[in-house]
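Read the structure below first, then the notes.
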Amino acid sequence: MRSRRSISHFGGLLATLLLAASPAAAKDYLLTGAKPDKLVLVDAAARKVERVLTIPGGGVAPGTIVPSPDGRIAYVVNNHMGSVSGIELDSGNQVFRADFSTAEMRVRSLFGMDVSPDGKELYVFQAPVRMLPGEYRVEDTRIAVYRTADGVGAKPVRLLPAPRRVAVLAFSRDGGTLWALGWDLYGLDPKTGAVKETHKVLNWTRANHSPPDVLDIWPQFEQASMLSTPYFTARTDLAATEPGAFRTGLMTLDLATGRMDMRDFEDTSAVIFSSVVSPVKRTEAYSVYTQLTKIDTDGGKLVKRVDLPHTYYSINVSSDGKEVYVGGTACDIGVYSTDTLDRIGQVEIAGCPDQGISSMRVIRR
């Protein structure tokens, strides 16, 4: 019969072995693109580039990036917006590719793309033009649906009707609705493309306000499950010379509940492009261009703003809500404290390639 001491020793050894065999705790990684054909994986905490992967036939610059739900594959619009590649992050292999155009039809993807929550289908907003002998005929815009398991050479399994001018696609958390941000915010049936509901944006009916303008092509809603974008409007009851005649606000869509809000927070000043909501304090949002801005979405007010060393297009936030990342445009990613907006780090991409308008996404690995 074994002694208590030997049993205790065995139990301790077993616990040590199990701990050693268990996977390391997941941490944040950033995904961005770099001209002309690179996909860049960044260890956010270490402030270093983990690896740089080449996108086959990448074209001029990578565009929209969508990570698979398990964080293994990044789907990247490339080839002059004419293709999407699925790059396996561990091996660098191209495990999925869809080329949009045919001999009769030239097709481009104008930014909007997302993957279903189960990872089985990829949805791509497309603008096709029929190439006729004597004319180019603009066809109806659409959303092409691909099976991610179809690999290289994938063809659409469905073509869904879609409104024009869609810039961002985002799935609801339950996968039952595909949200499409265009002139308005459309909730689409992902099986048929039918519009199930519409939140008015350009067509709002707010008294004494002009139709709002939105300029956003960067998907960065994965952390808080909240789609957000700045908007701009003019007070029609004030003279253009009045300080409050032009207003900036933030539109937010909760991807779990479908609730949409549009709330002004300042007289138009510095915010132009993209924004992100904190996954921890979901009433805090951050926006970027030549300055980094912190916004109280609940109170509808500017909290703080700091100057940046240069223009950045894209923005994202850490899983613990403590760091905000600014990227795009140049070859660096700036790291800022969400508390103070102090610059606390920087990541340089070797060779200083331009990130351009590429998405910057956060994955956990």
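For segment 217-301, list log₁₀ I(q)/I(0) at each q in 0.22 Å⁻¹, using the Debye formula over Cα point scatterers of equal strength and ignoring solvent, two decimals each. So the normalised log intensities are -1.02. Here the contact order of segment 182-332, divided by its residue count and restricted to Cα pairs under 8 Å and six or more residues apart, works out to 15 percent. Measuring between their Cα centroids, segment 57-131 and segment 273-306 lie 30 Å from each other. Its relative contact order, with pairs defined as Cα atoms under 8 Å and 6+ residues apart, puts the chain at 13 percent. For the chain, the mean residue ellipticity at 222 nm estimated from helices alone is -1500 deg cm²/dmol, where every DSSP H run of n ≥ 4 contributes -39500 (n - 2.57) and the total is divided by all residues, rounded to the nearest 500.
Using only the alpha-carbon atoms of segment 143-210 as identical scatterers, what base-10 log of I(q)/I(0) does the Debye formula give at q = 0.18, 0.19 Å⁻¹? Debye output, listed in q order: -0.73, -0.79. For segment 82-90, backbone phi angles converted through the Karplus equation (6.51, -1.76, 1.60; θ = phi - 60°) give residue-by-residue couplings of x, 8, 10, 10, x, 9, 6, 6, 6 Hz, Gly and Pro being listed as x. Each label point was placed 7 Å from the Cα along the Cα-to-Cβ direction; for residue 48 and residue 305 their separation is 3.8 nm. Its residue count N sets the reference 2.2 N^0.38 Å, and the alpha-carbon radius of gyration of segment 71-138 equals 1.28 times that reference. Note on segment 284-342: along the principal axes its Cα atoms extend 35, 23, 17 Å, ordered by decreasing extent. FRET efficiency for residue 157 and residue 90, Cβ-Cβ distance as r, R0 = 35 Å, nearest 0.05? My answer for the efficiency is 0.85.
Using the Cα coordinates of segment 94-193, the gyration tensor eigenvalues translate into equivalent-ellipsoid semi-axes of 23, 18, 9 Å, sorted from longest to shortest. Residues in segment 243-279, backbone N under 19 Å from the label point at residue 290 (7 Å along the Cα-to-beta-carbon vector): list them, ranges by number please. Once the point is set 7 Å along Cα→Cβ of residue 290, 246-249, 266-275 turn out to lie under 19 Å by backbone N, inside segment 243-279. Site pair residue 102 and residue 192 shows an inter-label distance of 2.5 nm when each label is modelled 7 Å from Cα along Cα→Cβ. Remark: the Cα gyration tensor places segment 121-263 in the oblate category, a/c being 1.5 or greater and a/b not exceeding b/c. Distance between the modelled labels on residue 200 and residue 60, one decimal in nanometres: 3.8 nm (7 Å Cα→Cβ projection). The charge dipole of the chain, taken about its Cα centre with unit charges on the Cβ of Lys, Arg, Asp and Glu (plus for the first two, minus for the last two), comes to roughly 960 debye. The radius of gyration of the Cα set in segment 204-349, together with its Dmax, comes out at 15.1, 49 angstrom.
Radius of gyration over Kirkwood radius for the chain, both on Cα atoms: the Rg/Rh ratio is 1.03. Leaving out same-chain residues fewer than 8 places away, which lysines sit with a Cα under 19 Å from that of residue 322? Here the lysines satisfying the reach criterion relative to residue 322 are 27, 48, 281, 294, 304.
Every read-out reported here was derived from the displayed coordinates using simple, explicitly stated rules and does not represent laboratory data. Computed from a predicted model, the values in this text were never measured in an experiment. Glycine also receives a Cβ, built like all others from the backbone with ideal geometry; neighbour counts cover every protein chain displayed.
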